[in-house]
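Visitor: Please find one structure pasted underneath; my questions will follow.
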Amino acid sequence: MVGGAVRDKLLGLPIKDRDWVVVGATPEEMLAQGYTQVGQDFPVFLHPETKEEYALARTERKTAVGYTGFEVHAAPDVTLEQDLKRRDLTINAMALTLDGNLVDPLNGIRDLQQQLLRHVSPAFVEDPVRVLRVARFATRLVPLGFKVAAETQTLLQQIVNAGEVDALVTERVWGEIERALNEPRPSTFFTTLRECGALARILPEVDALFGVPQPENYHPEIDTGIHTMMVLDSAARLSADPEVCFAALCHDLGKGNTPKEKWPSHHGHEERGVKLLQSLSQRMRIPKAHKELALLAARYHTHCHRAAELRPETLLKTLEALDAFRRPQRFAQFLLVCEADSRGRTGYEECDYPQASLFQLAYRVATAVDIRNLVEQGHNGKALADEIHAARVHAIKTAIQ
């Protein structure tokens, strides 16, 4: 057993997936024993019963730019130690034999005890995916006290400076981002990328938020980038939904291109954020559900914050714009993003967010309007729509007075 399963077992964490490396075998021998081959670039097989992955021991040699530019050698003469040495971090380069013996040629157990994310060898710089993987491992393990080793941080910066990160395909980048959004403290992923310069290459819209001031009376943390990271972690505490966390990450993108002479005010950042988010979503091929919620959050989060100031007519129009009556689940997600935004400020982390309750009240009473009765009164077409609208405005007005 190799990799993350060994690391997590030693840390006392739940083991999600178990991976195995097979030494001294050929693809033909694996197939003869009933394994199913799934790897095209290198021999990976599924166990006939457990369906766990079994990979033949292999070595890799860099031949071109990017994470696909490798020549793979898998053969019976490749040793377990050689296979482990091609891995990224020492804590991922340990193996556990079937009889329980730990194979640790790169002192992974030492770095596990010292809580360090350290690269295996200088060949670390050859694969740009390792920038994303280190950021993801940091996201998972920093809350346990881990940190990126200084020399590994230097190599991460070298990868970025060499332009290797630019060769990453969007599907792989998004895959790592989405996995990070499922962690309890997802902000670590993005701050780790920012520390090595990769965030500016991968998500320049988010990187641009750092160093941009906001009004201190509303945002004691001042820096928009810091606020965004606080909102992201607040969203993760409120919900395990990666769509909510992605919307939290992107809700304030428009503040990143506010003209400096307007700082710290950010009037109109909502619509600017929508445009940036549309561009980001197209470039990164963001899934439709993530994109739609993020766009609504970017455009309407300030409406929610000002719920107590809005007229009944405006409350209803906002509910209609959110498509709340047809998509109540997404409306609930939107409210979570807005609550995370409110709590993602220094000193406000545990404060209540009554605006969400007000919007929920408006939604409930508007939904309770008896449309069947209006139809029975003879209304139809536009006249019926107007009557429904008027009845819902009246219901909201009555409820909030």
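The values are calculated or read from the model by the stated rules, or taken from the named source; none is laboratory data. Computed from a predicted structure; not experimentally measured. So basically every Cβ, Gly included, is an ideal-geometry build from the backbone, and we count neighbours across all protein chains shown.
Visitor: Select from the range 352-401 the residues that are outside any helix (DSSP H, G or I) and in contact (Cβ under 8 Å) with a residue 24 or more places away in the chain and write down the one among them that is surrounded by the most Cβ atoms within 10 Å (Cβ to Cβ). Write out each step before concluding.
Guide: Initial filter on the range 352-401 (outside any helix (DSSP H, G or I)): 352-353, 368-370, 377-380, 401.
So of that shortlist, the ones also in contact (Cβ under 8 Å) with a residue 24 or more places away in the chain come out as 368-369.
Numbers: Ala368: 11, Val369: 19.
So the residue we want is Val369.
Visitor: Does Leu358 satisfy being at pLDDT 95 or above, under 28 Å from the mean Cα position of the chain (by Cα), closer than 30 Å to Ser187 by Cα and not assigned by TED's automatic domain parsing to the domain that holds Glu178? Walk me through how you get there before you give the answer.
Guide: Values: at pLDDT 95 or above: yes; under 28 Å from the mean Cα position of the chain (by Cα): no; closer than 30 Å to Ser187 by Cα: yes; not assigned by TED's automatic domain parsing to the domain that holds Glu178: yes.
For Leu358, the condition - at pLDDT 95 or above, under 28 Å from the mean Cα position of the chain (by Cα), closer than 30 Å to Ser187 by Cα and not assigned by TED's automatic domain parsing to the domain that holds Glu178 - is not met.
Visitor: Here's a check for you: in the range 280-320, which residue that is in contact (Cβ under 8 Å) with a residue 24 or more places away in the chain and small (Gly, Ala, Ser) is surrounded by the most Cβ atoms within 10 Å (Cβ to Cβ)?
Guide: That would be Ala297.
Visitor: Does Ala74 fit the bill of being buried (at least 19 other Cβ atoms within 10 Å of the Cβ), at pLDDT below 95 and either at positive phi or small (Gly, Ala, Ser) (or both)? If you could, list the steps in order and put the result at the bottom.
Guide: Numbers: buried (at least 19 other Cβ atoms within 10 Å of the Cβ): yes; at pLDDT below 95: yes; either at positive phi or small (Gly, Ala, Ser) (or both): yes.
Judged against the criteria, Ala74 is a match.
Visitor: Then there's this: Name, by its number, the condition in (1) touching a residue at least 12 places away in the same chain (Cβ under 8 Å); (2) farther than 21 Å from His301 by Cβ that does not hold for Ala200.
Guide: Among (1) touching a residue at least 12 places away in the same chain (Cβ under 8 Å); (2) farther than 21 Å from His301 by Cβ, Ala200 violates only (1).
Visitor: Collect the residues in the range 136-145 that are buried (at least 20 other Cβ atoms within 10 Å of the Cβ), over 12 Å from Leu89 (Cα atoms) and of a type in the set (A, V, I, L, M, F, W, C), keeping them in residue-number order.
Guide: Leu141, Val142
Visitor: For residues that are of a type in the set (Lys, Arg), in a helix (DSSP H, G or I) and farther than 15 Å from Asp8 by Cα, tally how many sit in the range 74-115.
Guide: First, pick out the residues of the range 74-115 that are of a type in the set (Lys, Arg): 85-87, 110.
When the remaining residues are screened for being in a helix (DSSP H, G or I), the result is 85, 110.
Filter once more, keeping what is farther than 15 Å from Asp8 by Cα: 85.
Summing the residues that are of a type in the set (Lys, Arg), in a helix (DSSP H, G or I) and farther than 15 Å from Asp8 by Cα in the range 74-115 gives 1.
Visitor: Restricting to the range 120-136, name every residue that is in contact with a Leu (Cβ under 6 Å, 6 or more places away or on another chain) and either in the same structural domain as Asp83 (by TED's automatic domain parsing) or of a type outside the set (Val, Ile, Thr) (or both).
Guide: Hits for the range 120-136 are Phe124, Pro128, Ala135.
Visitor: On the given criteria, is Asp241 surrounded by fewer than 24 Cβ atoms within 10 Å (Cβ to Cβ) and either more than 25 Å from Lys291 (Cβ to Cβ) or acidic (Asp, Glu) (or both)?
Guide: Details: surrounded by fewer than 24 Cβ atoms within 10 Å (Cβ to Cβ): yes; either more than 25 Å from Lys291 (Cβ to Cβ) or acidic (Asp, Glu) (or both): yes.
Yes: the conditions hold for Asp241.
Visitor: When you check Asp352 against the structure, is it on the phi > 0 side of the Ramachandran plot, at pLDDT 95 or above and either among the basic types (Lys, Arg) or under 36 Å from the mean Cα position of the chain (by Cα) (or both), yes or no?
Guide: Details: on the phi > 0 side of the Ramachandran plot: no; at pLDDT 95 or above: yes; either among the basic types (Lys, Arg) or under 36 Å from the mean Cα position of the chain (by Cα) (or both): yes.
No: the conditions fail for Asp352.
Visitor: I'm told Lys275 meets every condition in (1) over 23 Å from Ser187 (Cβ atoms); (2) surrounded by 20 or more Cβ atoms within 10 Å (Cβ to Cβ) except one. Can you identify the failing condition by its number?
Guide: (2)
Visitor: Which ranges mark the strands (runs of 3 or more DSSP E) fully within the range 1-71 that have 1 or more residues being modelled with pLDDT under 90 and surrounded by fewer than 18 Cβ atoms within 10 Å (Cβ to Cβ)? Even if it seems obvious, please write down each step before you answer.
Guide: Numbers: elements: 19-22, 44-46, 53-56, 58-62.
Of the strands (runs of 3 or more DSSP E) lying wholly inside the range 1-71, those with at least 1 residues that are modelled with pLDDT under 90 and surrounded by fewer than 18 Cβ atoms within 10 Å (Cβ to Cβ) span 58-62.
Visitor: Also: How many of the residues in the range 309-342 are within 13 Å of Ala366 (Cα to Cα), part of a helix (DSSP H, G or I) and among the aliphatic types (A, V, I, L, M)?
Guide: Counting residues in the range 309-342 that are within 13 Å of Ala366 (Cα to Cα), part of a helix (DSSP H, G or I) and among the aliphatic types (A, V, I, L, M) gives 3.
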